[in-house]
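Where a number appears in this text, it was derived from the coordinates with a stated rule and is not lab data. These numbers were taken from a predicted model, which means no experiment stands behind them. Here the Cβ is made from the backbone with ideal geometry for all residues, glycine too, and neighbour counts use every protein chain on show.
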Amino acid sequence: MNNELSLSCELCPHRCSLGEGQTGYCGTRKHIDGQIKNISYGLVTSLAIDPIEKKPLYHFYPGHSILSWGSFGCNMKCPFCQNHEISQRGREMAQGYVSPEELVNMADKATREAGSIGVAFTYNEPLLGYEYLLEVAPLLRRAGQRVVLVTNGQLSRGPLMELLPYIDAMNIDLKVFSAEGYQGLGGDFDTVKGTIAQAVEMGVHVEITTLVVPTLNDDMAMMEAEAQWLAGLGQDIPLHLSRYFPRYKFQIPPTPITVLQQLQNTAKQYLKYVYLGNV
């Protein structure tokens with residue numbers, strides 16, 4: 001294909017070069033008529049009212065519920081993905097279209113009927129719906145709704161800086177504390193660290209989740225390095241160590257609870273709040 005006819009998608013660190021009609025690594029960005037377009041815009045695959053703790057966010061309006069929205073696609077390829085049914089699939093999973101204005105109305109209804117505090121964009125990778133987020137987040141904020149992202153943090157700095165002023169809270173997956181580990185999962189280590197640091201600096205409420213997967217990130221020295229780095233941004237950043245169970249392409253046995261406890265003790269040397277999940 002003639003490279004002059006290709007366009008570079010600058011949304012995330014993959015920087016996919018796409019010829020006309022080609023779709024990016026994430027499954028949501030496509031070259032159409034000379035433009036990179038978001039083909040997941042407003043398409044919903046999952047919609048539910050969840051406890052805020054399920055995100056997990058333990059220090060952001062605890063005891064409250066939140067309207068959770070999911071679309072499709074992801075710009076990482078974790079073989080142990082917990083939501084692979086939608087994150088690793090395409091628009092055939094969409095259940096319908098919801099305009100930004102309609103989502104605000106749905107959020108208001110959820111507040112009246114269930115005490116919801118806002119909208120959490122979750123289940124798949126929400127940052128891939130960047131154009132939708134950039135349109136709906138200010139509307140939600142003006143309506144008194146909180147905007148939450150549950151994300152892998154794989155977003156280029158420019159788009160991130162545009163979006164962060166409209167975000168109230170983020171739970172960011174820090175999947176493994178090494179560049180090599182991220183490369184094996186289809187992500188970029190420096191990008192996720194940059195997203196975490198920038199969100200903290202801009203006053204977004206940030207909590208971190210690390211899904212502890214045997215042979216990938218259950219090393220005590222690696223956890224110590226992760227906790228030290230996070231503590232350098234703020235010792236009060238909550239860290240959630242979640243137990244892995246066999247899912248998707250990974251069928252090794254679940255993470256031993258004793259290993260999780262050892263990792264928790266290691267992290268607590270540097271961080272005030274370290275929680276265990278899925279135990």
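Quick notes
- A Förster radius of 30 Å, combined with the Cβ-Cβ distance separating residue 36 from residue 99, puts the computed FRET efficiency at roughly 0.90.
- Exposure proxy shown here: for 16, 74, the number of other Cβ atoms within 10 Å sets the order, fewest to most, as 16, 74.
- When the alpha-carbon atoms of the stretch 1-128 are used, the pair Rg, Dmax equals 16.8, 55 angstrom.
- FRET efficiency for residue 250 and residue 143, using Cβ-Cβ distance with R0 set to 51 Å, rounded to 0.05: 0.80
- Fraction in percent of alpha-carbon pairs per bin - 5 Å, the chain: 1, 6, 12, 17, 19, 18, 13, 8, 4, 1, 0, 0
- Annotation: amide H-H contacts under 5 Å for residue 255 (H modelled 1.01 Å from N, sequence separation of 5 or more, or interchain): 244.
- Cross-link partners of residue 54 among aspartates and glutamates (Cα-Cα below 19 Å; sequence separation of 8 or more within a chain): 85, 125, 168, 173, 207
- Annotation: amide H-H contacts under 5 Å for residue 88 (H modelled 1.01 Å from N, sequence separation of 5 or more, or interchain): 73.
- One way to sum up the overall shape of the stretch 1-55 is the equivalent ellipsoid from its Cα gyration tensor, whose semi-axes run 31, 12, 7 Å, largest first.
- Applying 0.36 nm per residue to the separation of residue 202 and residue 272 and subtracting their alpha-carbon distance, the gain on full extension is 23.1 nm.
- Efficiency of FRET between residue 236 and residue 8 - r from beta-carbon atoms, R0 30 angstrom, step 0.05: 0.15
- Shown for the stretch 166-259 is the translational diffusion coefficient from the Stokes-Einstein equation, using the Kirkwood radius over Cα pairs, a temperature of 20 °C and a viscosity of 1.002 mPa s: 152 µm²/s.
- If you model the stretch 117-169 as an ellipsoid using its alpha carbon gyration tensor, with each semi-axis the square root of five times an eigenvalue, the axes come out at 17, 13, 9 Å, biggest first.
- Among 118-126, 195-203, sorting by the average number of other beta carbon atoms lying within 10 angstrom of each residue, highest first, gives 118-126, 195-203.
- Straight-line cross-link partners of residue 77 among the lysines, defined as a Cα under 21 Å from its Cα and at least 8 positions apart when in the same chain: 30, 55, 175, 193, 249.
- Over the chain, DSSP H runs of length four or greater, each weighted -39,500 (n - 2.57), average out per residue to a 222 nm ellipticity of -9000 deg cm²/dmol.
- Scanning residues 5 or more positions from residue 173 or on other chains, those with amide H under 5 Å from its amide H are 151, 152, 153, 209, with H placed 1.01 Å from N in the peptide plane.
- Listed peptides 167-177, 106-116 by packing density, highest first (mean Cβ within 10 Å): 167-177, 106-116
- Rg and Dmax [Cα atoms of the stretch 142-221; Å; Rg one decimal, Dmax integer]: 13.7, 45
- Rounded, prolate or oblate (a/c below 1.5 giving rounded, otherwise prolate when a/b exceeds b/c) for the stretch 221-268 by Cα gyration tensor: prolate
- Along the stretch 34-44 the Karplus relation, 6.51 cos²θ - 1.76 cosθ + 1.60 evaluated at θ = phi - 60°, assigns HN-Hα couplings of x, 9, 8, 10, 8, 8, 9, 3, x, 8, 10 Hz to successive residues, with x for each Gly and Pro.
- Environment charge at residue 81 (Cβ cut-off 13 Å; Lys +1, Arg +1, Asp -1, Glu -1): +2
- Here the simple spin-label model places points 7 Å from the Cα toward Cβ, and for residue 82 and residue 108 these points are separated by 3.3 nm.
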